Amino acid sequence: MIDLNKDFGIYYHGSPIKPIYKGVKFGWVSFFKMLKYLHEDYLEIDGWRFNLFYGSIYLREKKDWNYYLPPSGLKDKIVLDVGGGCGETAKFFIENGALGVNIIEMNKECEKFLEYNSLYHNIKYRIKKFDLSDMLKDKYDLIKIDIEGYEIELLPYLNEINIDIVLESHSQYTTDKFIENGFTYCELIKEKRSLWGVTQLCRWKKY
């Protein structure tokens, strides 16, 4: 049973005041959405299971994820989802026509959720650190990469990559290296500036 007095509280982080449940902070919208799907320590949404952290990301950000979709759409395409969490972006890709999604995620806490989701949905997963071989061993129509700065490890191998990529870049240096290695900067999807630098979500194509 959920103990409202014990499990729920208020967490102040700047403004506004945000609700917290079992240590996970939520915006108010995702907090109230979460209650509809809450099963003690996980969320179940349309037959997919997520932990509280990644489930809250899905509820809060899904409405903005159309920027992941290529201009030609995803119908019958295969996606490599690097930094796929518990499968929240895979759910989005499949709902938008993807034939299947292969997920690379190094957070072992996601494994039981990925295992469950792979039983009922057309996804495959590996719990490991991403490297170039993950890109090259199978044929993909789109690669989405969101690995919080570790994308810099791809830079020595950019001349070997010939696949469309949607990448969250955490430095101007990374962006410049993609351009130097023959990638076309198709679209700056969004940009966020903070004390730690500039984060850019970019769509790249190599011709």
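The values are calculated or read from the model by the stated rules, or taken from the named source; none is laboratory data. All values reported here derive from a predicted model rather than from experimental measurement. Reconstructed Cβ throughout: ideal geometry from the backbone, glycine too, with neighbour counts over all protein chains shown.
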Note to self: Taking the conditions exactly as written (surrounded by 18 or more Cβ atoms within 10 Å (Cβ to Cβ), at pLDDT 85 or above and among the polar types (S, T, N, Q)), does Asn102 satisfy them or not?
What the structure shows: yes
Check: Quick one: would you say Ser56 is hydroxyl-bearing (Ser, Thr, Tyr) and farther than 27 Å from Phe183 by Cβ?
Finding: yes
Margin query: Among the residues that make up the range 99-117, is at least one of them in contact with a helix residue (DSSP H, G or I) (Cβ under 9 Å, 6 or more places away or on another chain) and over 22 Å from Ser56 (Cα atoms)?
Written below: yes
Item checked: the range 144-162, subset touching a residue at least 24 places away in the same chain (Cβ under 8 Å) and among the acidic types (Asp, Glu), residue nearest to Lys77 (Cα to Cα) -> Asp146
Next item on the list: Check whether at least one residue in the range 147-159 is assigned to a strand (DSSP E or B) and under 30 Å from Gly97 (Cα atoms), and report yes or no.
Entry: no
Notebook entry, point to check: Of all residues in the range 54-70, how many are at pLDDT below 85 and of a type in the set (Phe, Trp, Tyr)?
Noted result: 2
Notebook entry, point to check: From the list Lys129, Lys144, Lys137, which one is among the charged types (D, E, K, R) and surrounded by 15 or more Cβ atoms within 10 Å (Cβ to Cβ)?
Noted result: Lys144
Notebook entry, point to check: Residues of the range 108-121 being under 17 Å from Glu44 (Cα atoms) and either without any contact (Cβ under 8 Å) to a residue 60 or more places away in the chain or over 15 Å from the mean Cα position of the chain (by Cα) (or both), which ones?
Noted result: Glu109, Cys110, Glu111, Lys112, Leu114, Glu115, Tyr116, Asn117, Ser118, Leu119, Tyr120, His121
